[in-house]
1. What tally of residues in the stretch 73-99 results from selecting those that are surrounded by 12 or more Cβ atoms within 10 Å (Cβ to Cβ) and free of Cβ contacts under 8 Å to residues at least 24 places away in the same chain?
2. When only residues in the stretch 140-150 that are open to solvent by 60 Å² or more (accessible area, probe 1.4 Å) and of a type outside the set (Asp, Glu) count, which is farthest from ASP32 (Cα to Cα)?
3. Find all pairs meeting these conditions: Cβ atoms under 6 angstrom apart; at least six residues apart or on different chains; first residue within the stretch 35-64 and within 15 Å of ILE165 (Cα to Cα) and touching a residue at least 60 places away in the same chain (Cβ under 8 Å); second residue part of a loop (DSSP other than H, G, I, E, B) and open to solvent by less than 20 Å² (accessible area, probe 1.4 Å).
4. Report, by residue number, each residue of the stretch 154-173 that is more than 15 Å from LEU58 (Cα to Cα) and small (Gly, Ala, Ser).
5. Do you know which of the residues in the stretch 1-54 that are assigned to a loop (DSSP other than H, G, I, E, B) and touching a strand residue (DSSP E or B) at 6+ places or on another chain (Cβ under 8 Å) is least open to solvent (accessible area, probe 1.4 Å)?
6. Can you tell which of LEU134, LEU129, LEU121 is of a type outside the set (D, E, K, R) and open to solvent by 60 Å² or more (accessible area, probe 1.4 Å)?
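The values are calculated or read from the model by the stated rules, or taken from the named source; none is laboratory data. This structure is a prediction, so every number in the text was calculated from the model and none was measured. With ideal geometry, Cβ positions are generated from the backbone for all residues, glycine too; neighbour counts draw on all protein chains shown. SASA here: full protein model, heavy atoms, side chains in, ligands and nucleic acids out. Shrake-Rupley method; radii C 1.70, N 1.55, O 1.52, S 1.80 Å.
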Amino acid sequence: FFTINKTEINALRDKLLSKQGFSDHSLWEEIDFYNVEEPFAFVSIIQHQDSRDKRYILIEPPLNEKEKQAYDFIYKTLHVISVDTDSIEQKGTTNILEESVNEIISDYSIKISEVQKEKILYYLKKNLLSLDKLDPIMKDHQIEDISCDGSEVSLFLYHRKHGSIQSNIQFDD
């Protein structure tokens, strides 16, 4: 099974914070860090040193170009596979998805590692069987409420420990 070490998590976090303009450690300080769905989803709560403004930063390992291509192909191929509803009841949607992905990888000789497959499966489960961008937030037991004011606007969350907090998650449309 795919694992991620603390150094990789820190590097992912630092890259994401830098990309979003929160890399200045003299201005922003991490006050909380925890996993939501290890090894794929982590949360960093950061706070501005002066204003005490807080941000909820969801950290997920991005798909590289090869993984994106495999994901796109598998995603499209899944849409043309017919599934018997009795097998869904017997095996469950997650098991059916995993079996289908393994079959596609085998049938089309897709060259990806087990780690890449696990990462692709994470995103497929999140996007096809769950709530897409909301899935990691819904799995965060610290979140009590989610507010969305429209597309291209960050979601606001109510965090049990940190109160109302702006996230780095938004819908494109």
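1. Number satisfying all stated conditions: 9.
2. CYS148
3. Close Cβ pairs satisfying both conditions: LEU58/ILE169.
4. GLY163, SER164
5. Here is the first cut: in the stretch 1-54, the residues assigned to a loop (DSSP other than H, G, I, E, B) are 1-5, 20-27, 38-40, 49-53.
Subsequent filtering for residues that are touching a strand residue (DSSP E or B) at 6+ places or on another chain (Cβ under 8 Å) retains 20, 22, 27, 49, 53.
Values: GLN20: 69, PHE22: 29, LEU27: 63, GLN49: 63, ASP53: 65 Å².
Among residues in the stretch 1-54 that are assigned to a loop (DSSP other than H, G, I, E, B) and touching a strand residue (DSSP E or B) at 6+ places or on another chain (Cβ under 8 Å), the one least open to solvent (accessible area, probe 1.4 Å) is PHE22.
6. Working: LEU134 fails: open to solvent by 60 Å² or more (accessible area, probe 1.4 Å); LEU121 fails: open to solvent by 60 Å² or more (accessible area, probe 1.4 Å).
From the options LEU134, LEU129, LEU121, the qualifying one is LEU129.
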